[in-house]
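Novice: Got a structure for you, written out below as structure tokens; questions coming shortly.
The values are calculated or read from the model by the stated rules, or taken from the named source; none is laboratory data. From a predicted model like this one, the values you see are computed outputs, not experimental measurements. A quick note on method: Cβ atoms are made from the backbone with ideal geometry, for glycine too, and the neighbour counts reach across all protein chains shown.
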Amino acid sequence: MDTAEAIETEEAEETGKPRLHPPEPGAEFNLVESVICRRRSVRFYLQKQVPEYLVRRVLEAGRFAPSAGNAQPWKYIVLQDRAMMAEMEADVVRVCRLLTRFAYYMVPGSEHKEWRAKLLMRLSPNNFHPIPFTAMKLIAEGKLGVWHKAPTVIVLLADMRSPGFPVLDIGITGQNMVLAAHSYGLGTCWVSFVKPLAYYRKWRKRLGIRYPYKLVTSIAVGYPRGIPDGEVDRETRAIDWYGEDGSFRTVF
Ligand SMILES: Cc1cc2nc3c(=O)[nH]c(=O)nc-3n(C[C@H](O)[C@H](O)[C@H](O)COP(=O)(O)O)c2cc1C
């Protein structure tokens, strides 16, 4: 943050004025937008550990997230014990191996999905969508790491007694953390492949995954190694706009 912005922030504190100038049409990203728009999922990390004070700041950003009814339905678990993380990864790989052995998404040499894969997709369409199915195979074959060797992982549990959609609140708290981490020069990657751990009694016990808590996802955190791969495509979806004057338009 440059001095002008710092002064502006102090002034904002006292006067309630906007913390950053509202952008002119077509202006460059401001500080917040650039953190949002330049973040990428990082899958290569330095082995240097993230200091505790920075992890705490990341968690603090998560704690400030909005949630339905201000229920704050999250529980954070920080993992930095490499032996424990390796054991967890091995157990995720085991589940992925089992599932990919049980069901192939594609029957080799054909375009048809195998019946067991179809069944899994029918039973749990989000978990056995073709994309995670493909990633699951890569994890099973050791071609894709679960946490990409990140030195810190934040596991996110949701308190399912909360109002509305607690899992949505978990997404919000998590993204607050991801953006704060990015603003400190840390890399992150959301990792939902933590979920198979809930199949194991030992992990349910160790991580406290029992009602009312549900294991939702995790976030790998560390110092990025190299520059993350190029830009990710984002689609421009049509937006329906009902104007102040009663008009309706579709914009992009
Ligand atoms: C809820 C959620 C779960 C994800 N799970 C994984 C995962 O298990 N492994 C992984 O490498 N990336 C995972 N990702 C990262 C996505 O692949 C990534 O966000 C997407 O491809 C867009 O790329 P970007 O984050 O670089 O913009 C996940 C992302 C989200 C939001």
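Novice: Among the residues of the stretch 37-56, how many are basic (Lys, Arg) and under 17 Å from the mean Cα position of the chain (by Cα)?
Specialist: Within the stretch 37-56, residues that are basic (Lys, Arg) and under 17 Å from the mean Cα position of the chain (by Cα) number 4.
Novice: Determine, yes or no, whether residue 155 is outside any strand (DSSP E or B) and not assigned by TED's automatic domain parsing to the domain that holds residue 104.
Specialist: no
Okay, residues lined up against (1) modelled with pLDDT of 95 or more; (2) outside the structural domain of residue 171 (by TED's automatic domain parsing); (3) outside any loop (DSSP other than H, G, I, E, B); (4) more than 16 Å from the ligand (Cβ to nearest atom):
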{"position": "202", "(1), (2), (3), (4)": "yes, no, yes, yes"}
{"position": "206", "(1), (2), (3), (4)": "yes, no, yes, yes"}
{"position": "211", "(1), (2), (3), (4)": "yes, no, no, yes"}
{"position": "214", "(1), (2), (3), (4)": "yes, no, yes, no"}
{"position": "232", "(1), (2), (3), (4)": "no, yes, no, no"}
{"position": "236", "(1), (2), (3), (4)": "no, yes, no, no"}
{"position": "240", "(1), (2), (3), (4)": "yes, yes, yes, yes"}
{"position": "245", "(1), (2), (3), (4)": "yes, yes, no, yes"}
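Novice: Out of curiosity, is residue 136 outside the structural domain of residue 174 (by TED's automatic domain parsing), modelled with pLDDT under 95 and over 29 Å from residue 223 (Cβ atoms)?
Specialist: no
Novice: For residue 73, which of the numbered conditions (1) within 16 Å of the ligand (Cβ to nearest atom); (2) under 18 Å from the mean Cα position of the chain (by Cα); (3) not basic (Lys, Arg) fails to hold?
Specialist: (1)
Novice: If I ask for residues that are over 14 Å from residue 183 (Cα atoms) and of a type in the set (S, T, N, Q), which ones from the stretch 28-72 would you list?
Specialist: Within the stretch 28-72, 47, 49, 67, 70, 72 qualify.
Novice: Which residues, counting only those in the stretch 150-185, are among the polar types (S, T, N, Q) and away from the ligand (no atom under 15 Å from the Cβ)?
Specialist: 152, 162, 183
Novice: For the condition of a type in the set (Val, Ile, Thr), within 13 Å of the chain's Cα centre (by Cα) and part of a strand (DSSP E or B), what is the one hit in 188, 250, 173?
Specialist: When all the criteria are applied, what remains is 188.
Novice: Can you tell me which of 46, 120, 79 is surrounded by 17 or more Cβ atoms within 10 Å (Cβ to Cβ) and touching a Phe, Trp or Tyr at 6+ places or on another chain (Cβ under 6 Å)?
Specialist: It is 120.
Novice: Follow-up. So, in the stretch 20-41, of the ones that are touching a helix residue (DSSP H, G or I) at 6+ places or on another chain (Cβ under 8 Å) and assigned to a helix (DSSP H, G or I), which residue ends up farthest from the ligand (Cβ to nearest atom)?
Specialist: If we take residues in the stretch 20-41 being touching a helix residue (DSSP H, G or I) at 6+ places or on another chain (Cβ under 8 Å) and assigned to a helix (DSSP H, G or I), then 31 is farthest from the ligand (Cβ to nearest atom).
Novice: I would also like to ask the following. State yes or no: is residue 62 under 16 Å from the mean Cα position of the chain (by Cα), of a type in the set (Gly, Ala, Ser) and modelled with pLDDT of 90 or more?
Specialist: yes
Novice: For residue 92, are the conditions met, namely being more than 16 Å from the ligand (Cβ to nearest atom) and closer than 30 Å to residue 226 by Cα?
Specialist: No.
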